[in-house]
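Enquirer: Starting off with a structure, shown below.
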Amino acid sequence: MYLVGAGPGDPDLLTLRAINVLKKAGVIVYDRLANPEILAYAPEDAERIYVGKRPGQSSISQQQINRILISKANDGKIVVRLKGGDPFVFGRGGEECVALAGKKILFEIVPGISSALAAPAYAGIPLTHRNVARSFTVVTGYTKNEEDLFRNWEHIAHSDTLVILMGMKNLKKIINQLKLFGRTGDTPVAIVEKATSRHQRTVTGTLNNITEKAAYLSSPATIVIGELAEFANTLAWRTEPVNFGQESITELRQAISG
Ligand code: SAH
């Protein structure tokens, strides 16, 4: 049984290990994938089980997912559990491992490139920089119980570079909380939507104006806050992505300048 990180979207960012494991998969259990092409690496006759959210239907519970993994592994199948980004970064991969270990099912983790790293990279934002940022923090912008959302944020708010995943719904609240904890309104912010895909867009601003400027963005998006976020204005290297047509480049340029 393999718990495999599928990376942030672009199939080129899969690891060799992920591809090798997918090639021998008997069963693939996956959520909504940033890029369905990734499944094409698996044998045609491999069973594909979708366990993500479906519009209008209640989503499959974590317990049900665990049961599927356990029963398929017990059937002697090579099971690949595919997860976006890295399986141990907000992917509930740990919970699945606990369930497998509880049933004495052997597993291997294949790390993936997390969007926490890929989104800033693809927007031209270094996470650390000599004399500017010596650390970065990755934090969730969403919790099931709202009262947990800003736990420990008196420290988190002052990270050199703050990377927030799942933060779009609570963007306003997050900005307010950062200001309450003393981050100034002119702190640079960049939001990278659909990073590494051909629809990637970046919006830059400050704590004061980002909510307004990013109003049209949707998920999945990664929020980067701190002095280095400003680099997205100068180091946005992805204006001529190798595999994309002229049309999307123009679109991308407009999105960035708008
Ligand atoms: N395990 C995943 C994260 C799961 S949480 C990983 O390591 O990347 C889901 C959140 O990841 C989204 O809400 C968004 O904040 C971020 N995300 C995932 N894919 C993204 C992408 N292509 N571009 C920007 N952010 C992305």
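Only the coordinates and a few stated rules stand behind these numbers; no lab work does. Remember, predicted model here, so these are calculated numbers, not experimental data. Cβ coordinates were reconstructed from backbone atoms using ideal geometry, including for glycine residues, and neighbour counts include every protein chain displayed.
Enquirer: Checking the conditions here, which among T140, T128, T184, T222 is loosely packed, with under 15 Cβ neighbours inside 10 Å and under 16 Å from F90 (Cβ atoms)?
Expert: Working: T128 fails: under 16 Å from F90 (Cβ atoms); T184 fails: under 16 Å from F90 (Cβ atoms); T222 fails: loosely packed, with under 15 Cβ neighbours inside 10 Å.
T140 is the lone residue from the list that is loosely packed, with under 15 Cβ neighbours inside 10 Å and under 16 Å from F90 (Cβ atoms).
Enquirer: From the list P11, P36, which residue is within 17 Å of D86 (Cβ to Cβ), within 16 Å of the ligand (Cβ to nearest atom) and surrounded by fewer than 21 Cβ atoms within 10 Å (Cβ to Cβ)?
Expert: After applying the criteria, what remains is P11.
Enquirer: Next question, about the same structure. Can you tell me which residues in the stretch 40-83 are under 23 Å from the mean Cα position of the chain (by Cα) and part of a loop (DSSP other than H, G, I, E, B)?
Expert: A42, V51, G52, K53, R54, P55, S58, S59, I60, S61
Enquirer: Another question about this same structure. Considering only the stretch 93-108, state which residues are exposed (fewer than 15 other Cβ atoms within 10 Å of the Cβ) and either among the hydrophobic types (A, V, I, L, M, F, W, C) or near the ligand (Cβ under 9 Å from one of its atoms) (or both).
Expert: V98, A101, L106
Enquirer: So, of the residues in the stretch 50-92 that are of a type in the set (A, V, I, L, M, F, W, C) and within 16 Å of the ligand (Cβ to nearest atom), which turns out to be nearest to L106 (Cα to Cα)?
Expert: Per the stated criteria, the residue is V80.
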